[in-house]
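Bear in mind that the values in this text are calculations on the coordinates, not laboratory data. Not measured: the values here are computed from a predicted model. Cβ atoms come from the backbone with ideal geometry, glycine included; neighbour counts cover every protein chain shown.
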Ligand SMILES: Cc1cc2nc3c(=O)[nH]c(=O)nc-3n(C[C@H](O)[C@H](O)[C@H](O)COP(=O)(O)OP(=O)(O)OC[C@H]3O[C@@H](n4cnc5c(N)ncnc54)[C@H](O)[C@@H]3O)c2cc1C
């Protein structure tokens, strides 16, 4: 029986029939590639659509903030943490298969993008070479429209299934979503559950060549051995943030444990003890210097969680 002062959210989370793993006061530093971030009030790995639906419905009803995350490879979480529910997509969202007839991968949103890319390589199907080495999940990739400046995942989405609290499941063609540079038109409260990614049969040597070239470029130009969130800012029209930052002599600039990477000036790395406050301060410093010098308003690519 539920305790007298238990909220509907707590009642749901202690219900033994609830299909998910629940962690109270879970440090988000464990769930971000930055290895930065204070505690989430609850971190819940939802195992099924039923559990996910119940969870977001209760949060909505109770006015508890919630967010769905993938691998946290594009996230900066505040040192104070997140006062609501951080949801990760578990078991039922973590499988994928290849549909040979339709020449597409059908992938759950919790699947790692790298797993699908690897399978594309194994099957000699082309279309995802641009994504080689991009961390994160399918859900995060679709939300962020992950890719390069010229190629992105949105152009490969044949269909996508999403969930919105109070509205239920919706399946749309990829062409019904507007895809832009590191942007998609999903509603703020829309959760990506599954998608179909189109690929085409190709020459294995061509695929291998493209993937190896992309990986080599990445290894050479990115600080892969240090915790980061990838590029911090979107590149503005006609310019590269890394070049602007370098021109301003900000490569290597440091605040606390956060440092503008010596390898790629649009990366801020955690040198070991960085706080979210350090990273934010460095982001603000770069943005204001770039604005002062070039009149350009930089837009962050990294997503912020738990900041006021
Ligand atoms: C070393 C490094 C290199 C990188 N290189 C690239 C690159 O080349 N190209 C590129 O585009 N990005 C790059 N990134 C950034 C990052 O990997 C991508 O943005 C990635 O797609 C984020 O996926 P994720 O699962 O980690 O999402 P998270 O970081 O967990 O979340 C990102 C956003 O997506 C939302 N989200 C996550 N899952 C869902 C879901 N199921 N439904 C709805 N919303 C969801 C979150 O709420 C958040 O707003 C790089 C990052 C690192 C650390």
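Points worth noting:
- Taking the square roots of 5 times each eigenvalue of the Cα gyration tensor of segment 1-144, largest first, gives ellipsoid semi-axes of 32, 19, 10 Å.
- In summary, segment 226-305 shows an alpha-carbon radius of gyration equal to 0.98 times the 2.2 N^0.38 Å reference for compact globular proteins.
- Reduced Cα scattering model of segment 8-92, Debye log10 I(q)/I(0), q = 0.13, 0.15, 0.25 Å⁻¹: -0.37, -0.49, -1.25
- Set the Cα radius of gyration of segment 48-125 against 2.2 N^0.38 Å, with N its number of residues, and you get 1.41.
- The chain - mean residue ellipticity at 222 nm from DSSP helices (-39,500 (n - 2.57) per run, n ≥ 4, rounded to 500): -8000 deg cm²/dmol
- Cα gyration tensor shape for the chain, rounded if a/c is under 1.5, else prolate or oblate: oblate
- Pairs of Cα atoms nearer than 8 Å and 6+ residues apart set the relative contact order; for segment 8-92 it is 37 percent.
- The listed peptides 244-255, 131-142, ordered by packing as a protection proxy, come out as 131-142, 244-255 (highest mean of other Cβ atoms within 10 Å first).
- Highest-fluctuation residue, 167, 41, 102 considered, GNM on the chain with Cα pairs under 10 Å: 167
- On the beta carbon distance between residue 172 and residue 284, with R0 = 30 Å, the FRET formula returns roughly 0.20.
- Contact order, relative form, for the chain: 17 percent (alpha carbon pairs under 8 Å, 6 or more residues apart, mean separation divided by residue count).
- Computed over segment 226-305: relative contact order in percent, which uses C-alpha pairs under 8 Å that are six or more apart: 36
- Relative to its Kirkwood radius, the Cα radius of gyration of segment 95-220 gives an Rg/Rh of 0.97.
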